[in-house]
Amino acid sequence: MLELECGSGKSIIPTAAAVAGDKTAIVMTSTIQLQEQYLKDIQGLALMNGRSHSECNLTGQSAADAPCTVGAKCSLKGTWSKLGLPMGIPTCHYFKRKASAALSRISIQNYAYWLRETDGAQISSFGQRDFIICDEGHELDQVLMNAAVVELRLNDLNEINAGLFSKIGSMTMTDLRSWAQKDGKRALDKFEIQISKEAQRMGLPFDGEGAIILSAEMYASKGRSIQLIVKALQIIQRVSQALDTLCALEDSALEEWVICPPDRNNREWTVRPIYGKYGFKKILAGAREKVIIMSAYLAPELLMKNLGLDPKDVEVIVGGKVFNRVRSPILYCPVVKVNYKITQRQKQFLIASMDAILAKKADTKGLIHVPSVALRDEVIAYSRNKERILAYDGGSTRNARFPTKDKVVEEFVNAEDPKVLIGQSISTGLDLPNVPQWQIVMKLAFPSTADPVIAKRKEVDPFFYDYHTICQIVQTTGRVKRSQEHNGQTIILDESFAFFWTKNRKYFPRWFVENFKYDGWAYLPEVKKMLPRIAAAIGLAY
């Protein structure tokens with residue numbers, strides 16, 4: 001475990017150690033932006049991500065829906081050895097990228113892709129490396145919790161006639177495991193027999209192992225039939241993986257999994273673990289020599305417990321002070337408590353106070369941190385600085401109002417005028433040395449207890465909630481200190497921080513404590529003088 005200040009070069013240290021020792025390694029992150037930072041900073045890395053980033057050469061559609069995903073034998077894939085290595089250069093776009101990453105000494109991947117690629121595979125192209133390097137280690141527990149999800153899609157269950165959705169809402173984990181072992185397996189077996197007969201009726205060629213033999217000529221003549229069978233086999237694959245996971249749960253583990261209902265955007269129930277240790281066992285098994293976990297804040301003893309590690313197996317390296325942060329203070333400037341009780345007038349006061357700070361920072365670029373799209377939209381709606389503020393939406397966001405994050409960050413960096421970047425995911429992975437000169441934290445980013453998994457984890461592990469909030473705060477401060485010459489203020493407006501700081505001060509890194517200023521308004525006296533007048537104009541007492 002490597003704990004070292006934000007901006008001090010953590011990404012270079014383990015990769016340099018791998019290169020110097022002639023080791024193979026996989027670097028894992030959870031954000032595309034951090035992957036791009038690695039590629040920019042370190043030469044020779046091979047990026048590998050999911051099939052959705054490639055197009056199937058045969059179908060012209062996403063490689064995520066390609067026939068090979070269900071075992072179809074396609075010549076475009078090329079020939080691969082029993083060790084999962086390419087023997088030649090594949091024609092397929094996806095497998096060409098995979099071949100490059102498999103042969104590279106160091107490849108960079110996201111956690112979800114690596115776990116999916118190595119799950120249940122006896123031999124994987126990425127199953128064994130000397131080092132596995134886990135960046136953003138403070139999020140590792142939660143990332144692995146999300147990656148271990150079991151999906152039960154409504155459409156899939158309807159197709160196999162499983163009859164589960166009408167009763168899953170009243171089930172316990174014991175009930176669900178029992179259903180998977182009996183009714184679920186029975187329904188899936190019947191569906192597999194049905195699809196096998198349908199494939200034979202269509203006249204599709206199969207080899208002795210039951211895989212479709214595919215070629216460009218075959219797809220040209222029977223493409224429609226092949227796609228129908230591929231869709232059915234993908235359903236079988238998804239349901240089978242879900243049932244296998246549920247059936248394998250031991251009695252002692254049932255209390256550590258939660259059944260989660262669909263949200264308004266999904267048509268699936270999910271079953272998720274409240275700990276990341278299940279996924280971490282796979283990471284441990286995938287490293288021949290070392291697993292390296294790094295972040296600006298790890299709380300090593302707690303993280304060992306969460307990941308199921310014996311302290312005797314862990315070497316903890318906590319770096320000393322790297323930067324002089326005298327000119328990068330962390331200022332607590334309370335305005336209102338930003339929680340579910342906040343009124344609309346208080347929200348307007350919060351945003352008006354932010355505007356007063358922006359007026360004093362009129363000549364420099366800065367960041368505004370918000371934990372949700374809802375608060376982002378309200379800031380934009382009420383702010384007097386709309387023309388300065390740049391906002392983004394995710395690449396897959398439906399009815400997106402703003403460009404994607406990478407485009408907006410690029411615009412922010414290249415803008416000649418003092419733009420302000422607002423976002424709900426810029427506290428980590430944003431490496432912009434000397435660009436933002438200040439930042440405002442509108443609200444503490446507590447994990448959402450609306451998520452049943454977070455609520456259950458908080459119930460059995462109270463410090464989990466505070467731990468992840470501390471991690472977010474610590475990571476946030478690093479966005480305005482990326483080099484010795486880069487200095488910027490972090491301004492926390494959420495009054496809730498006072499109690500949180502009193503309760504958890506002993507858990508913060510030493511460098512954070514040394515640079516934290518409880519009387520932050522002393523650094524912004526002109527703004528503080530304006531607050532009573534701003535509040536009065538909105539109809540609030542201050």
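The values are calculated or read from the model by the stated rules, or taken from the named source; none is laboratory data. Quick caveat: nothing in here was measured; it's all calculated off a predicted structure. Glycine also receives a Cβ, built like all others from the backbone with ideal geometry; neighbour counts cover every protein chain displayed. The accessibility values were calculated without ligands, DNA or RNA, using every heavy atom of the protein model including side chains. Shrake-Rupley method; radii C 1.70, N 1.55, O 1.52, S 1.80 Å.
Listing for the model above:
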| quantity | calculated |
| --- | --- |
| HIS138 accessible area, 1.4 Å probe, all protein chains in place, Å² to nearest 10 | 0 Å² |
| Length gained when the stretch VAL373-SER178 is fully extended (0.36 nm per residue, less Cα-Cα span) | 66.2 nm |
| Two-site FRET efficiency, TYR542 against GLU459, from Cβ-Cβ distance with R₀ of 30 Å, rounded to 0.05 | 0.20 |
| Point-to-point label distance, GLU526-LEU302, nm (Cα→Cβ direction, 7 Å offset) | 3.9 nm |
| Within the range 263-293, backbone nitrogen closer than 20 Å to the virtual label 7 Å beyond the Cα of SER252 toward Cβ | 273-285 |
| The range 152-228 - percent of accessible surface contributed by carbon and sulfur, probe 1.4 Å | 47 percent |
| Per residue accessible area in Å² of the range 102-175, where ligands, DNA and RNA are left out and the probe is 1.4 Å | 41 Å² |
| Extension reserve of the HIS53-SER240 stretch, reckoned as 0.36 nm per residue once the Cα distance is removed | 64.8 nm |
| Förster radius 22 Å - calculated FRET efficiency between VAL318 and ASP41 (Cβ-Cβ, nearest 0.05) | 0.45 |
| Cα gyration tensor, the range 398-542 - rounded (a/c under 1.5), prolate or oblate | rounded |
| Label zone at ASN158 (point 7 Å along Cα-to-Cβ), backbone N below 15 Å, the range 242-273 | 266-269 |
| For the chain, calculated [θ]222 nm from helices alone, where every DSSP H run of n ≥ 4 adds -39500 (n - 2.57) | -12500 deg cm²/dmol |
| The range 332-475, accessible area per residue, ligands and nucleic acids excluded (1.4 Å, Å²) | 43 Å² |
| Percent of beta bridges antiparallel (DSSP, the chain, rounded to nearest 5) | 20 percent |
| SER75 - accessible surface, heavy atoms, 1.4 Å probe, Å² rounded to 10 | 90 Å² |
| Computed over the chain: relative contact order in percent, which uses C-alpha pairs under 8 Å that are six or more apart | 19 percent |
| Structure-derived Cα extents along the principal axes in Å - corresponding label in (1) 86, 57, 54; (2) 87, 61, 45; (3) 81, 56, 49 | (3) |
| Cα shape, the range 242-371, gyration tensor, a/c 1.5 rule | oblate |
| Of the GluC sites (Glu not before Pro) in the range 379-488, those whose Cβ has at most 13 other Cβ within 10 Å and which sit in DSSP loop | GLU387, GLU416, GLU485 |
| Carbon + sulfur, % of accessible area of the range 1-115 - ligands and nucleic acids excluded, 1.4 Å | 56 percent |
